[in-house]
Amino acid sequence: MPSKALESLYKRVGPTLFARAQRALKDDQKAQQAVEQVVIELSRVGTLTDEEALKLGRDLLKKQLEAHGA
């Protein structure tokens with residue numbers, strides 16, 4: 001995925017996912033890493049509406065948080 005598309009996806013879902021990750025992990029760096037991984041995974045899915053991206057992003061983030069022990 002071109003970097004502009006990845007950046008756009010991050011802007012659409014990143015803040016919401018980061019807030020969730022930060023609350024769960026209580027560590028900004030780990031939260032950022034988890035969200036970046038989720039956005040990369042979302043980018044591989046293809047075209048998603050904002051609603052679809054957030055729903056799938058929350059599901060993927062939940063898995064990331066579980067992997068971090070949160």
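Could you please find all residues in region 22-54 being hydroxyl-bearing (Ser, Thr, Tyr) and touching a Lys or Arg at 6+ places or on another chain (Cβ under 8 Å)?
Restricting attention to region 22-54, the residues satisfying the condition of being hydroxyl-bearing (Ser, Thr, Tyr) are 43, 47, 49.
Correct list: empty.
Do we find a residue being assigned to a helix (DSSP H, G or I), closer than 13 Å to HIS68 by Cα and without any contact (Cβ under 8 Å) to a residue 40 or more places away in the chain anywhere in region 2-20?
Start the filter on region 2-20 by keeping residues that are assigned to a helix (DSSP H, G or I), which leaves 3-20.
Right, trim to closer than 13 Å to HIS68 by Cα and you get none.
Within region 2-20, not a single residue is assigned to a helix (DSSP H, G or I), closer than 13 Å to HIS68 by Cα and without any contact (Cβ under 8 Å) to a residue 40 or more places away in the chain.
Would you confirm whether any residue within region 57-69 is of a type in the set (A, V, I, L, M) and in contact with an Asp or Glu (Cβ under 9 Å, 6 or more places away or on another chain)? Don't jump to the end; show me each part of the working.
Going residue by residue through region 57-69, those that are of a type in the set (A, V, I, L, M) are 60-61, 65, 67.
Now drop any that are not in contact with an Asp or Glu (Cβ under 9 Å, 6 or more places away or on another chain), which leaves 60.
Yes: region 57-69 contains one or more residues that are of a type in the set (A, V, I, L, M) and in contact with an Asp or Glu (Cβ under 9 Å, 6 or more places away or on another chain).
Would you tally the residues in region 1-18 being of a type in the set (A, V, I, L, M) and either open to solvent by 50 Å² or more (accessible area, probe 1.4 Å) or over 16 Å from ASP59 (Cβ atoms) (or both)? Give the steps one after another, and end with the answer.
Here is the first cut: in region 1-18, the residues of a type in the set (A, V, I, L, M) are 1, 5-6, 9, 13, 17.
So of that shortlist, the ones also either open to solvent by 50 Å² or more (accessible area, probe 1.4 Å) or over 16 Å from ASP59 (Cβ atoms) (or both) come out as 1, 5-6.
So the count comes out to 3.
Scanning region 21-70 for residues that are open to solvent by 90 Å² or more (accessible area, probe 1.4 Å) and not in a helix (DSSP H, G or I), which turns out nearest to LYS4 (Cα to Cα)?
THR47
The values are calculated or read from the model by the stated rules, or taken from the named source; none is laboratory data. What you see is a predicted model; the values in this text were computed from it and never measured. When we count neighbours, we look across all protein chains shown, and the Cβ atoms used for this are built from the backbone with ideal geometry, even at glycine. For the accessible areas, the whole protein counts, side chains as well, though only heavy atoms, and no ligand, DNA or RNA atoms are used. Shrake-Rupley method; radii C 1.70, N 1.55, O 1.52, S 1.80 Å.
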